[in-house]
1. Test Lys81 against the stated conditions and say whether it is under 21 Å from the mean Cα position of the chain (by Cα) and either at pLDDT 90 or above or of a type in the set (Phe, Trp, Tyr) (or both).
2. Could you tell me how many of the residues in segment 103-127 are surrounded by 15 or more Cβ atoms within 10 Å (Cβ to Cβ) and in contact with a Ser or Thr (Cβ under 8 Å, 6 or more places away or on another chain)?
3. Can you find even one residue in segment 98-105 that is of a type in the set (Val, Ile, Thr) and more than 17 Å from the chain's Cα centre (by Cα)?
4. Out of all the residues in segment 128-145, which are surrounded by 14 or more Cβ atoms within 10 Å (Cβ to Cβ) and in a strand (DSSP E or B)?
5. For Val54, only one of the following conditions fails: (1) crowded, with 18+ Cβ neighbours inside 10 Å; (2) out of contact with any Leu (no Cβ under 7 Å at 6 or more places or on another chain); (3) more than 18 Å from Gly134 (Cβ to Cβ); (4) not small (Gly, Ala, Ser). What is its number?
6. Please specify each residue of segment 52-65 satisfying the condition of being out of contact with any strand residue (DSSP E or B) (no Cβ under 6 Å at 6 or more places or on another chain) and either modelled with pLDDT of 95 or more or among the aromatic types (Phe, Trp, Tyr) (or both).
7. Mind listing whichever residues of segment 86-100 are in contact with a Lys or Arg (Cβ under 9 Å, 6 or more places away or on another chain) and surrounded by 15 or more Cβ atoms within 10 Å (Cβ to Cβ)?
8. Out of all the residues in segment 62-85, which are surrounded by 11 or more Cβ atoms within 10 Å (Cβ to Cβ) and more than 16 Å from Asn29 (Cβ to Cβ)?
Amino acid sequence: MKIALILLALLSIPAYAWNNIDHEFAGLNTDMRHMWSGGAWQENKQEGFYRFLVAGGGYEHYKSKLYVQWVAHGSDMESPKVLRTIEIKELNDNPLYAFNLPECIGSWECNSIEIVATHTYELTKHKSVIKFTGIGKYEFVQTAL
């Protein structure tokens, strides 16, 4: 009986730890489907990396939205800091497309990205190229495939 009580006590510790992790991440948006960080940007005396977030939802017609963050590098004493978050309005204002994470094009800095998206109703494919021109700024070009 003592062994069973000890075993029960030891097995309940990992379950309690898992509940703490659940609480820590409970505030995350459940619509976020994909996230990727990388590339590099520099403006004035600030520098950092990009974070790309794809949100999605829908039942019969799945639709995606794209958000981009400019994140300043951290240090040994300081965590990285999100300086700016934007949505790509051309994709998000009237969400008609389903897509995954964008791909970097050009150089390793990832100052331009490409998204191949499928129109939810027409099922046509479209390619969008987004060029980042500064913190929170971009140019958008879309073509049908």
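The values are calculated or read from the model by the stated rules, or taken from the named source; none is laboratory data. In this text the structure is predicted, and so the values were computed from the model without any measurement. So basically every Cβ, Gly included, is an ideal-geometry build from the backbone, and we count neighbours across all protein chains shown.
1. Working: under 21 Å from the mean Cα position of the chain (by Cα): yes; either at pLDDT 90 or above or of a type in the set (Phe, Trp, Tyr) (or both): yes.
Judged against the criteria, Lys81 is a match.
2. Total meeting the criteria: 5.
3. Applying the first criterion (of a type in the set (Val, Ile, Thr)) to segment 98-105 yields 105.
Cutting the leftovers down to more than 17 Å from the chain's Cα centre (by Cα) gives us 105.
Yes, there is a match, as at least one residue in segment 98-105 is of a type in the set (Val, Ile, Thr) and more than 17 Å from the chain's Cα centre (by Cα).
4. Ser128, Val129, Ile130, Lys131, Phe132, Tyr138, Gln142 - these are the residues of segment 128-145 that are surrounded by 14 or more Cβ atoms within 10 Å (Cβ to Cβ) and in a strand (DSSP E or B).
5. Of (1) crowded, with 18+ Cβ neighbours inside 10 Å; (2) out of contact with any Leu (no Cβ under 7 Å at 6 or more places or on another chain); (3) more than 18 Å from Gly134 (Cβ to Cβ); (4) not small (Gly, Ala, Ser), only one is false for Val54: (2).
6. Correct list: Tyr59 only.
7. Residues satisfying the conditions are Ile86, Ile88, Leu91, Asn92, Pro95, Leu96, Tyr97, Ala98.
8. Tyr62, Trp70, Val71, Ala72, His73, Gly74, Pro80, Lys81, Leu83, Arg84
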